[in-house]
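The values are calculated or read from the model by the stated rules, or taken from the named source; none is laboratory data. Computed from a prediction, not measured in an experiment: that's the story for all the values here. Quick reminder, even Gly has a Cβ in these numbers, built from the backbone with ideal geometry, and neighbours come from all protein chains shown. Note: accessible area is taken over every heavy atom of the protein model, side chains too, but ligands, DNA and RNA are not part of it. Shrake-Rupley method; radii C 1.70, N 1.55, O 1.52, S 1.80 Å.
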Amino acid sequence: MKVNDGLSIGALAARTGLAVSAIRYYEAQGLIKPWRNSGGQRRFERADLRRLSFIMIAQQFGFTLPQIKDKLDRLPGGRTPTKADWARISESFRAALDARIATLTKLRDNLDGCIGCGCLSLEACALYNPADRAAQKGTGPRYLMGDSPAV
């Protein structure tokens, strides 16, 4: 294969471990942008291996595809990300991860009290309903299902 031939979707799938359907989905979401060769076949740049690896890692950290796309779209001219680009992106992810860790730590630290209390009360539950914020939206099981209060 010549350097300018690009990678086929099958080769990209084999190198990343992703299903071809997942790669097509990421393409449809605008996360990667293949080109077509003279035979009309979809081809990918080698840099797409890095992009897909980043997408998979960011998803494991709990980031959504729109959040990931926002970061990738900020790269100038859609070029191959550099080490400096990845450092900038990871710094912004680090702040979000630190906030998530703080929330999970608080949840963990309050969990043992919740397991033993058995209150099942929206008014008393400090984990599900801190400061009784549910009171503003109504009461009862329909609230838990996401329904808005009847007007």
* Asked: Roughly how much of residue 27 is accessible, in Å² to the nearest 10, using a 1.4 Å probe?
  -> 50
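Between residue 91 and residue 20, 0.36 nm times their residue separation minus their Cα-Cα distance comes to what?
Result: 22.5 nm gained on full extension.
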* Cα-projected label distance for residue 105 with residue 5, points at 7 Å along beta-carbon direction, nm -> 5.2
* Using only the Cα atoms of the range 9-116, build the gyration tensor, take square roots of its eigenvalues as a ≥ b ≥ c, and label the shape rounded, prolate or oblate: rounded if a/c is under 1.5, else prolate if a/b is larger than b/c, else oblate. => prolate
* Rounded to the nearest 20 debye, dipole of the range 17-88 from Cβ charges on Lys, Arg, Asp, Glu -> 180
* **Listed residues 39, 72, 60: farthest to the positive end of the dipole of the range 1-111 (Cβ charges)** => 39
